[in-house]
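Working notes, beginning with the structure itself.
The values are calculated or read from the model by the stated rules, or taken from the named source; none is laboratory data. Just so it is clear, the structure is predicted and the values come from calculations on it, not from any experiment. With ideal geometry, Cβ positions are generated from the backbone for all residues, glycine too; neighbour counts draw on all protein chains shown.
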Amino acid sequence: MFYCAGSLRQLTFRYKIAHIEQNVIFARMKKLYIETYGCQMNFADSEVVASILKDLYTLTDDVQEADLILINTCSIRDKAEQRIHKRLHELEALKKKHRTLQVGLLGCMAERMKEELLETEPILNFIAGPDAYRNLPELIAESAQGEAKFNVLLSEDETYDNIMPVRYDLNGVSAYVSIMRGCNNFCTYCVVPYTRGRERSRSPQTIMAEVDQLLQDGYKEVTLLGQNVNSYRWEEDGEVVTFAKLMEMVALKSSQLRVRFATSHPKDISDELLEVIAKYENICKYIHLPVQSGSDNMLKKMNRVYTRDYYMERVRKIKELMPDCAISTDIIAGFCGETLEDHEQTLSVMREVGYEYAYMFKYSERGGTMSAKRFQDDIPDEEKTRRLEEIIALQGELSLASNQRDVGKTFRVLVEGVSKRSADQLYGRNSQNKVIIFPKGEHQVGDYIDVTVTRCTAATLFAD
Ligand code: SAH
Ligand code: SF4
Ligand code: F3S
C-alpha cells in the first residue's frame, strides 16, 4: 500500500485534450478541483467522485479557478488529520475572494468526525463519507442554498460497481481498480473499520468490464485494491470467486497487462493465491504483507490474529514458490505497552525477512478504536521517535542490501515516465515494484523493455 498526500496527480496530456474539447462544447461548465490524501483507495475513490460529477463539472488542476473544491481525507493517524485542518485554513482566503466557491470534505475524516466538522471548520459547505458519493450532486445543490449539509451514512453494499472512474491521475499506463470496500478485521489501533464500514466485494463482472475498458484505453498495468484483498469473495448461482480466482481472471485477460494488488493481510495469504501469483508471469512478484510488529505480545494486543511464527512460515512459502518475490511491510513503533524487548523483536523480524521496503509509523491513538478504549498510549513521544528512527535506519540498510543484490541483473521494466532528474532519462518499475532509471533512447512511456542494473542507492536502481 502506498501512502501519498498532497495535491493530486496532474492531468494527463490525453485528459487535457478531452478537457479542452469539453470546454469548447460546454463553455460555461463549472470547474472542479480535487485534492486527495491517504491511501490508494482514496485516490481510486476520487476518480469515482470525478465520474459521478462529470456531467456537472470539468476537472481543473488549478485551485484558483475552481468553483468546487473537494478534499478527500485520511484519518489513519493524527498527523494526517492535522494536515487537513491546516489545508482548510489555507483555503479560507480563496473562499473570501470567490463568494460562490463551494468546499466539500470527503473520505475517512468526514466519516470519523461527522457533522462536528461543520462547526469547527466553517469553510465547509458539505461533508460526505466514503459511501455517500452518489449523493454528492444533491449535497452540492442543497448546500449552495446556504446551509451546510452532510451525509455520512455507511452502507453494507455500496461498491460503486457500475461507475467507470474518470482516470485523471494518469500516466496512461497504470490504473487502480477497486475490488472491495471496508474492513472487518478490527485491528485494535485502526480507525478504518469505523470510517469505511463493513467489508464488501464488488462483482467480478463489473471488475472485468473496468479492466477491459482500461485495456482498450491502452493501459498496461492494473492494481487491484482493497484493505484486505485476499478476503475478496463473490458468490453467485452456487459459484464462488475467490481473490486467487479473480487474479487469474484478470491475468488471463492479456499477457501484456501487469497485475498488482494491495493490501493483503497475512492471515489470508493462502497457498492457492501464492500458486496463482507464481504461475502467471504477468502477475507481479511483489507482495505487501504488513507485519506491524515482530512481538507476539504486541500482535495479540493489536488483534492481528497471527503469530510471528505463522507470519514467517508464510514468508518462507512465498520465497519457496517465488525466490525472486519482493516483500514490503507496514510497521508501527511504540504501540501501547511496547517494551524494549518487543521493539527488538520488530527489528529482528525485519532482519529475518529482509524487507525490500517498509512503511513505518509511530503509533497514533485514534478515538473510538479498541486500543484507545482499552489500553494506555504509554510510550512517550520521544521514545516512539527513537524507536521509529531505529526502524527506519535498519530498513535503509535492508533496502540498500536488497538493491545491491540486483546490480548486474536484467529486469523487464514497464516505462512510466520521464525521470525528474533529467529529460534524457526514463523511469519504470520492475515486477518487484522497484523503480529503475535508465537512458531514454528510442523508448516511449508504456513500453516494456529489458534493462541491466549497473548501480543503485537505497531507493533507486540505475541501468544503462
Ligand atoms: N489494511 C491495511 C492497512 C491500512 S492502514 C492492512 O491491514 O495492511 C495502513 C497502515 O497504517 C497500517 O498497516 C498500519 O501500519 C498503519 N496504521 C494504522 N492505524 C495506525 C495508528 N493508529 N497509528 C499508527 N499507524 C497506524
Ligand atoms: Fe486497519 Fe487492520 Fe483493517 Fe488493515 S486490516 S484496515 S490495519 S483494521
Ligand atoms: Fe486513510 Fe481512510 Fe485510507 S483512514 S489510509 S484514507 S481507508
Exercise for the section: Specify the residue that is nearest to ligand 2 (Cβ to nearest atom); the eligible residues are those in region 274-287 that are surrounded by fewer than 21 Cβ atoms within 10 Å (Cβ to Cβ) and assigned to a loop (DSSP other than H, G, I, E, B). Expected result: Lys285
Problem - Residue that is hydrophobic (A, V, I, L, M, F, W, C) and either within 30 Å of Asp342 (Cα to Cα) or surrounded by 15 or more Cβ atoms within 10 Å (Cβ to Cβ) (or both), where the choices are Ala423, Ala459 - result: Ala459
Practice task
At least 1 residues that are under 11 Å from Pro204 (Cβ atoms) and not acidic (Asp, Glu) in each: list the strands (runs of 3 or more DSSP E) lying fully within region 232-273 that qualify.
Solution key: 233-236, 239-242
Exercise for the section: Output the qualifying pairs, or none if there are none: Cβ atoms under 7 angstrom, residues six or more apart or on different chains, first residue in region 184-202 and part of a helix (DSSP H, G or I), second residue within 14 Å of ligand 3 (Cβ to nearest atom) and basic (Lys, Arg). Expected result: Tyr194/Arg112; Thr195/Arg112; Arg196/Arg181
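Could you check region 329-357 and list, in sequence order, the residues that are more than 16 Å from ligand 3 (Cβ to nearest atom), surrounded by 19 or more Cβ atoms within 10 Å (Cβ to Cβ) and either basic (Lys, Arg) or under 30 Å from Tyr280 (Cα atoms) (or both)? Working first, answer last.
Our first condition is that a residue be more than 16 Å from ligand 3 (Cβ to nearest atom); within region 329-357, this holds for 333-357.
Checking which are surrounded by 19 or more Cβ atoms within 10 Å (Cβ to Cβ) leaves us with 333-336, 338, 342-343, 345-346, 349-350, 353, 355-357.
The answer is Val349, Met350, Val353, Tyr355, Glu356, Tyr357.
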Problem - Sole exception among (1) touching a residue at least 24 places away in the same chain (Cβ under 8 Å); (2) farther than 22 Å from Glu210 by Cα for Ile283, by number - result: (2)
Handout entry: Val191 being in contact with a strand residue (DSSP E or B) (Cβ under 7 Å, 6 or more places away or on another chain) and either within 27 Å of Val445 (Cβ to Cβ) or within 15 Å of ligand 3 (Cβ to nearest atom) (or both)
Key = no
Exercise for the section: Within region 331-353, count every residue that is assigned to a helix (DSSP H, G or I) and without any contact (Cβ under 8 Å) to a residue 60 or more places away in the chain. Expected result: 13
Completion exercise
Within region 181-195, restricting to residues that are more than 7 Å from ligand 1 (Cβ to nearest atom) and buried (at least 23 other Cβ atoms within 10 Å of the Cβ), the one that is farthest from Phe335 (Cα to Cα) is Arg181
Exercise for the section: Among the residues of region 247-293, count how many are over 21 Å from Phe411 (Cβ atoms) and more than 16 Å from ligand 3 (Cβ to nearest atom). Expected result: 20
Handout entry: Any pair with Cβ under 7 angstrom, 6 or more apart, that starts in region 144-173 at a residue that is under 20 Å from Leu117 (Cβ atoms) and ends at one that is crowded, with 18+ Cβ neighbours inside 10 Å and at pLDDT below 95
Key = Ala148/Leu118; Phe150/Leu118
Exercise for the section: Go through the residues of region 354-372 one by one and say whether even a single one is in a helix (DSSP H, G or I) and of a type in the set (Gly, Ala, Ser). Expected result: yes
Problem - Residue within region 420-431 that is in a loop (DSSP other than H, G, I, E, B), under 27 Å from the mean Cα position of the chain (by Cα), at pLDDT 95 or above and under 30 Å from Ile283 (Cβ atoms) present - result: yes
Problem - Failed criterion for Arg200 (all others in (1) touching a helix residue (DSSP H, G or I) at 6+ places or on another chain (Cβ under 8 Å); (2) within 16 Å of ligand 1 (Cβ to nearest atom); (3) not acidic (Asp, Glu) hold) - result: (1)
Exercise for the section: Please find, among Leu170, Leu214, Leu224, the residue that is modelled with pLDDT of 95 or more, within 19 Å of Val49 (Cα to Cα), of a type in the set (A, V, I, L, M, F, W, C) and not in a helix (DSSP H, G or I). Expected result: Leu224
Completion exercise
Within region 364-382, restricting to residues that are more than 15 Å from ligand 2 (Cβ to nearest atom) and acidic (Asp, Glu), the one that is surrounded by the most Cβ atoms within 10 Å (Cβ to Cβ) is Asp377
Handout entry: Condition check for Gly428: touching a residue at least 40 places away in the same chain (Cβ under 8 Å), surrounded by 16 or more Cβ atoms within 10 Å (Cβ to Cβ) and within 15 Å of Val173 (Cβ to Cβ)
Key = no
Problem - Residue count for region 38-63, restricted to those that are touching a helix residue (DSSP H, G or I) at 6+ places or on another chain (Cβ under 7 Å), of a type outside the set (Val, Ile, Thr) and away from ligand 2 (no atom under 16 Å from the Cβ) - result: 3
Handout entry: Criterion (within 22 Å of Ile76 (Cβ to Cβ), more than 13 Å from ligand 1 (Cβ to nearest atom) and under 24 Å from the mean Cα position of the chain (by Cα)) met by exactly one of Tyr306, Tyr357, Tyr363
Key = Tyr357
Fill in the blank from the handout: Ala244 fails exactly one of (1) surrounded by fewer than 21 Cβ atoms within 10 Å (Cβ to Cβ); (2) at pLDDT 95 or above; (3) within 16 Å of ligand 3 (Cβ to nearest atom), namely (3)
Handout entry: Test result for Val451, in contact (Cβ under 8 Å) with a residue 12 or more places away in the chain and in contact with a His (Cβ under 7 Å, 6 or more places away or on another chain)
Key = no
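Go through the residues of region 313-321 one by one and say whether even a single one is within 15 Å of ligand 2 (Cβ to nearest atom) and buried (at least 19 other Cβ atoms within 10 Å of the Cβ).
Looking for residues that are within 15 Å of ligand 2 (Cβ to nearest atom) and buried (at least 19 other Cβ atoms within 10 Å of the Cβ), one finds none in region 313-321, hence no.
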Practice task
Answer yes if at least one residue in region 134-156 is touching a strand residue (DSSP E or B) at 6+ places or on another chain (Cβ under 7 Å), assigned to a helix (DSSP H, G or I), hydroxyl-bearing (Ser, Thr, Tyr) and at pLDDT 95 or above, and no otherwise.
Solution key: yes
